Amino acid sequence: MLPVLESGEETLVGGQAVIEGVMMRAPHSYCVAVRKANGEVATEESPLPRVSEKYPLFKLPVLRGLGTLGQAMWLGIKALQFSTNVMLSDQGQAHEEKTGEKPPEVNKWAMGITIAFSVLFFIVMYKVVPLVMATEIGKLFPSLHGRLAINLMDGVLRIAIFLVFLTSLSRMKDIRRTFEYHGAEHKVVFNYESGQPVTVENAQKFVTFHPRCGTSFLIVVMLISLLFYSLLPFDAFAAKLIARIALLPLIVGVSYELIRFAAKHRQGLMATLTTPGLWLQRVTTKPPSDDQTAIAIHALEGAFELEKSQGGELVIA
C-alpha cells in the first residue's frame, strides 16, 4: 500500500503481506505480525520517521516519490526478513530440541545476496529480455523494424512478461497463502478507512481490491515507461538498454506524482489509472480466512499503539 495524497493529506495506514503475516505502518511507526506454527503471534515493531522529515530533499516533486518507494522497499525487505526468521525458527524448533543447536536465521549477507539477485533478475527479465525479443521481431518483419515500433513492442512485451510471471506465481501454494494475507491487509485498511470499528467481521465485508495497492503503482510505472521509452532517440541496442535503466528513477518519480495528482481527482483520472491495477489484484490478492484477517488487525493495532506512545494523532486522512 503506497502513501499518496487524498484531499491534500497523506493517507494514514498502509501495509504489506509477508510470510504467514502482515506488516502495517502508521505515519511514524510500523508493526509486523506473523502467525507461528503453534498458533501464537510473533511481532516486531519500531518507530519509522518519514523520509521527507529526515531528509528535506525528498519533499521535492519527483524526488519524494523515490524517497517514498525507497523506504517502502527497505521496510518491506526488513519485514520479510523478520517473517522468514519466524518461519525458520518454527522449522528448526524440533531440531533444536534434539541437538540443542540454535535454529538458523537469515543474516544480512544472505539478505544482501537475495536483493542483488532480485535486482539482476529484474534487469534481465524486464529490461533485457523484452528488448531482445522486440529487436528480433523487428528483424523478422521489416514493417516493425522502425525505432518507434520496436520501442512500443518492447513495452507491450514487458507488460505481457510481468502478467505471465505473476499469474504463474499465484498458482504456487505458498505464494497463494501470501496473496491471501495481501487480501487481509486490504480488507483491514478498507475497514479502518471506513470509520467503522476494526474487527474481523467488519473487515471481511470489504473487497480485497484497493486503489492504493503497490500492484496498481507497478502498472502505472510500466505504462509510463512505455511512453518514455517510445521517445528515446537511440537505435543501438546497448544505448537503448542503458537509457532504460538510467531513466527508471525518473519514471518512478513521475509515476508517483501522477498517482498523487490523480488521488485528488478520484472520479476521473484516479479511476482511469487504478482500474488496470484493480483488475490485476484479482491475481495478487485472494479472500483471506478469519485468522489471516485477525493477523492484519493485530499488526495495525501494534502500529497504532506505538504511534500513540509517540504522540501521533490517529485520524483518517
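The values are calculated or read from the model by the stated rules, or taken from the named source; none is laboratory data. Keep in mind the model is a prediction, meaning the values are calculated, not measured. Every residue, glycine as well, gets a Cβ built from its backbone with ideal geometry; the counts of neighbours run over all protein chains shown. The protein model used for the area step is the full one, side chains on, heavy atoms only, and it has no ligands, DNA or RNA in it. Shrake-Rupley method; radii C 1.70, N 1.55, O 1.52, S 1.80 Å.
Mean residue ellipticity at 222 nm, helices only, the chain: -20500 deg cm²/dmol; runs of at least 4 DSSP H residues each add -39,500 (n - 2.57), and the sum is divided by the number of residues. Structural size metrics of the stretch 184-245, computed from C-alpha coordinates, are Rg and Dmax of 19.7, 58 Å.
Against the main long axis of the alpha-carbon atoms of the chain, helix 248-262 sits at an angle near 70°. Helix 237-246 axis versus longest C-alpha principal axis of the chain: approximately 40°, rounded to the nearest ten.
Here the extension length gained between Val62 and Val207 equals 49.1 nm, from 0.36 nm per residue of separation less the Cα-Cα distance.
Surface composition of the stretch 170-268: carbon plus sulfur atoms hold 67% of the accessible area, using a 1.4 angstrom probe and ignoring ligands, DNA and RNA. Under a straight-distance cross-link criterion of Cα-Cα below 25 Å, which lysines are reachable from Lys108, leaving out those fewer than 8 residues away in the same chain? Cα-Cα hits under 25 Å: Lys36, Lys54, Lys78.
Which entry in (i) 19.0, 56; (ii) 21.0, 69; (iii) 22.8, 75 matches Rg and Dmax of the Cα atoms in Å derived from the coordinates of this structure? Computed from these coordinates, Rg and Dmax of the Cα atoms in Å corresponds to label (ii). Segment Val164..Phe117, full-extension length gain: 14.9 nm, with 0.36 nm per residue of separation and the alpha-carbon distance subtracted. Debye-formula intensities of the stretch 27-90, expressed as log10 I(q)/I(0) at q = 0.12, 0.16, 0.17, 0.24 Å⁻¹, are -0.40, -0.61, -0.65, -0.96 (one equal scatterer per alpha-carbon, no solvent). The alpha carbon gyration tensor of the stretch 140-202 gives principal lengths a ≥ b ≥ c with a/c of 1.5 or higher and a/b no greater than b/c, which makes the shape oblate. Net charge in the neighbourhood of Arg177 (other residues with Cβ under 12 Å of its Cβ; Lys, Arg +1, Asp, Glu -1) is 0. Which residue, Gln292, Gln91, Gln204, tops the fluctuation ranking in a GNM of the chain built on C-alpha contacts under 10 Å? So, out of Gln292, Gln91, Gln204, the one fluctuating most is Gln91. Other residues lying with their Cβ under 15 Å from the Cβ of Met133 contribute a combined charge of +3, Lys and Arg counting +1, Asp and Glu -1. Axis angle, to the nearest 10 degrees, between helix 63-99 and the longest C-alpha principal axis of the chain: 50 degrees. Rounded to whole numbers, the Karplus 3J(HN,Hα) couplings from phi for the stretch 203-214 are 4, 5, 6, 8, 7, 9, 9, 10, x, 8, 5, x Hz, using 6.51 cos²θ - 1.76 cosθ + 1.60 with θ = phi - 60°, and x at Gly and Pro.
Accessible area per residue for the chain, computed on protein heavy atoms with a 1.4 Å probe, is 51 Å².
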